[in-house]
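Quick notes on the structure that follows.
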Amino acid sequence: SGLSATQVKQAMELNENKMFFEKIEGKTYWYTSGLEKNAVEKKVLLLPNYDEYTIAYKDRTLFLPIKPPKMDARNNIIFNHSIVIDGTVAGGWRRELKKNSVQVTVTLFRSLSQDEKKLVQKAIENYASFLELDLDQVVYL
């Protein structure tokens with residue numbers, strides 16, 4: 001942001017009555033009203049490669065709580081397409097464009113609940129619709 005740590009601290013103190021905080025594993029996270037942890041509905045996002053969500057932070061422990069499999073730079077989940085479930089990276093995805101359709105390949109870091117599987121499927125269907133292509137198939141590796 002370009003602000004010094006002192007300036008940030010002063011701004012936080014000025015807005016203290018409008019903000020809430022939560023300590024997680026010794027770190028303090030601040031948020032405003034309306035972003036309470038339980039107020040967010042379950043959501044799946046298909047992020048593109050080099051998305052700010054995965055590359056902009058030095059400390060990725062909050063959204064990448066598991067250590068992903070060792071990958072070379074080309075296949076590193078931090079730089080590639082990510083599947084985010086409830087704010088946490090759960091795997092990666094790749095697309096293969098065909099003439100009138102798209103095939104999506106999914107690689108997961110953990111098993112999904114039935115509800116999560118449905119939400120991932122819906123997100124992929126929405127992506128195919130956005131591309132104005134038929135969804136050929138979804139392959140899970």
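Counting only strands (runs of 3 or more DSSP E) that fall entirely inside region 1-102 and contain at least 2 residues that are touching a strand residue (DSSP E or B) at 6+ places or on another chain (Cβ under 8 Å), under 29 Å from Tyr127 (Cα atoms) and modelled with pLDDT of 80 or more, the qualifying elements are 44-47, 82-85, 88-97.
In region 94-115, the residues that are at positive phi and touching a residue at least 40 places away in the same chain (Cβ under 8 Å) form no Cβ pair under 9 Å with any partner that is assigned to a strand (DSSP E or B) and exposed (fewer than 11 other Cβ atoms within 10 Å of the Cβ), whether six or more places apart or across chains.
Please specify each residue of region 89-138 satisfying the condition of being hydroxyl-bearing (Ser, Thr, Tyr), open to solvent by less than 40 Å² (accessible area, probe 1.4 Å) and more than 16 Å from Pro48 (Cβ to Cβ). Matches in region 89-138: Ser101 only.
Here Glu116 meets the list (1) at pLDDT below 95; (2) touching a strand residue (DSSP E or B) at 6+ places or on another chain (Cβ under 6 Å); (3) outside any helix (DSSP H, G or I) almost entirely, failing just condition (3). Out of all the residues in region 103-113, which are outside any strand (DSSP E or B) and either modelled with pLDDT of 95 or more or among the β-branched types (Val, Ile, Thr) (or both)? If the condition is that a residue be outside any strand (DSSP E or B) and either modelled with pLDDT of 95 or more or among the β-branched types (Val, Ile, Thr) (or both), then no residue fits.
The values are calculated or read from the model by the stated rules, or taken from the named source; none is laboratory data. The structure presented is a predicted model; accordingly, all values stated were derived computationally and were not measured. In this analysis, Cβ positions are derived from the backbone assuming ideal geometry, glycine residues included, and neighbour counts consider all displayed protein chains. The area values use the complete protein model at the heavy-atom level, side chains included, leaving out ligands, DNA and RNA. Shrake-Rupley method; radii C 1.70, N 1.55, O 1.52, S 1.80 Å.
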